[in-house]
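The values are calculated or read from the model by the stated rules, or taken from the named source; none is laboratory data. Source: prediction; values computed, not measured. Cβ atoms come from the backbone with ideal geometry, glycine included; neighbour counts cover every protein chain shown. Side chains are part of the model used for accessible areas, which takes the heavy atoms of the whole protein and leaves out ligands, DNA and RNA. Shrake-Rupley method; radii C 1.70, N 1.55, O 1.52, S 1.80 Å.
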Amino acid sequence: MENCLFCKIIRGEIPSGKVYEDENVYAFRDINPQAPVHVLVVPKKHFVSLSDIQSASDGELAACLRAVRLIAEQEKLENGYRLVSNCGPDACQSVPHLHFHILGGRQMADQMA
Ligand code: AMP
């Protein structure tokens, strides 16, 4: 996707704090961190959100979750972390490229929303 912010980051056209990359997935530090560790895990293929994954393969989707596990280990989140994917306007999704927020390094709020 030509003008997608995260596609530009994946292509290296916009700088990012990369923490992980494989064939299917790119992960980088959120520019406006909400926790001591705040990493965005993004499939390299463009999907708008979880509402748009009909054409994604099981392998592409599983790759995101496997990357989450590896990054959590890399970031030493052995005490736990929160995984969030905002989907659509009610969830305040601001970047229309599927992504998963890994939030950790502190005690999360009891209430999720
Ligand atoms: P969401 O609101 O769930 O769509 O999350 C989008 C996230 O992307 C927000 O947490 C932003 O802080 C983050 N973000 C926006 N631009 C950049 C960027 N250039 N580099 C890293 N993170 C970004």
- Under 16 Å by backbone N from the virtual spin label 7 Å along Cα-to-Cβ at Asn3, the residues of the stretch 83-111 are 95-97
- For each cysteine in the chain, check whether another cysteine's C-beta sits under 4.7 Å from its C-beta; list those where none does. Cys64, Cys87, Cys92
- Using alpha carbons only, how many degrees (0 to 90, rounded to 10) separate the axis of helix 58-74 from the longest principal axis of the chain? 30 degrees
- So, with a 1.4 angstrom probe, what is the percent of accessible area on the stretch 5-104 that is carbon and sulfur? 52 percent
- Could you pull out every one of the lysines with an alpha carbon less than 22 Å from that of Lys45, ignoring same-chain neighbours closer than 8 positions? Lys8, Lys18
- Charge dipole of the chain about the Cα centre (unit charges at C-beta), most positive-ward option of Ile31, His99, Asn86: Ile31
- Note on the structure: Counting only DSSP loop positions in the stretch 27-106, the trypsin sites (Lys or Arg not before Pro) whose Cβ has at most 15 other Cβ atoms within 10 Å are Lys76, Arg106
- Note on the structure: Per the rule of 0.36 nm per residue minus the C-alpha distance, extending Ser85 to Glu13 adds in nm 23.5 nm
- Note on the structure: To the nearest 0.05, the calculated FRET efficiency linking Asp110 and Ser51 through their beta-carbon distance, R0 being 25 Å, is 0.35
